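Read through the structure below, which is laid out as C-alpha cells, and then see the notes.
The values are calculated or read from the model by the stated rules, or taken from the named source; none is laboratory data. Keep in mind that what you see is a predicted model, and the values were worked out from it rather than measured. Note that we place each Cβ from the backbone using ideal geometry, even for glycine, and neighbour counts take in every protein chain shown. Calculation scope for accessible area: heavy atoms of the full protein, side chains included, ligands and nucleic acids excluded. Shrake-Rupley method; radii C 1.70, N 1.55, O 1.52, S 1.80 Å.
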Amino acid sequence: MARDEIATTSPYGYGCLVSGNILKDTQSAPVTPTGKKTKGIKLATSDVMCHGNYIEGMTDVGIYTEGDAADNYVISDNVIRNLRGNTGIAIFGSGDHVRLLNNLIDT
C-alpha cells in the first residue's frame, strides 16, 4: 500500500487496515522462477493497523515498512511461517510510534 504518486518513495498516507489476508509462496527454489525475491506485506503509508494476516513461504521479508512513512503503526496478531528469507518483520526508515504485538514468526 502506497499513495499513488509518481517519484515518491516514502509518502505519508492515510489510515488503513490490512487484515485477514492469506499470502503464500509455495515455490521450492530460494527465489521465484523470475529470479525475484518475494515479500509479503509492504506498508508505505502512515496510520496503519496490520492485524491477523497469515504469511507463508516468502523468500525475503514477511511484513515491512518503507522509508520515513512508518508513523503510527500497529502490527499485531500476524502469523509468519516458513520464511525462506531472513526477516519476519522489518521496520525501515525513521518512523515513530511503531507497535509490534503478539506476532508469531515460525521459521
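Numbers at a glance
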| read-out | value |
| --- | --- |
| Residue among G93, G52 that is in contact (Cβ under 8 Å) with a residue 60 or more places away in the chain, over 13 Å from C16 (Cβ atoms) and not aromatic (F, W, Y) | G93 |
| Residue count, the stretch 71-100 (criterion: out of contact with any strand residue (DSSP E or B) (no Cβ under 6 Å at 6 or more places or on another chain) and open to solvent by less than 10 Å² (accessible area, probe 1.4 Å)) | 1 |
| Candidate set: the stretch 26-42, residues that are in contact with a Ser or Thr (Cβ under 9 Å, 6 or more places away or on another chain) and at pLDDT 85 or above; chosen: the one nearest to T65 (Cα to Cα) | K42 |
| Subset tally (residues that are outside any loop (DSSP other than H, G, I, E, B), touching a residue at least 24 places away in the same chain (Cβ under 8 Å), open to solvent by less than 30 Å² (accessible area, probe 1.4 Å) and out of contact with any Pro (no Cβ under 8 Å at 6 or more places or on another chain)) for the stretch 38-49 | 2 |
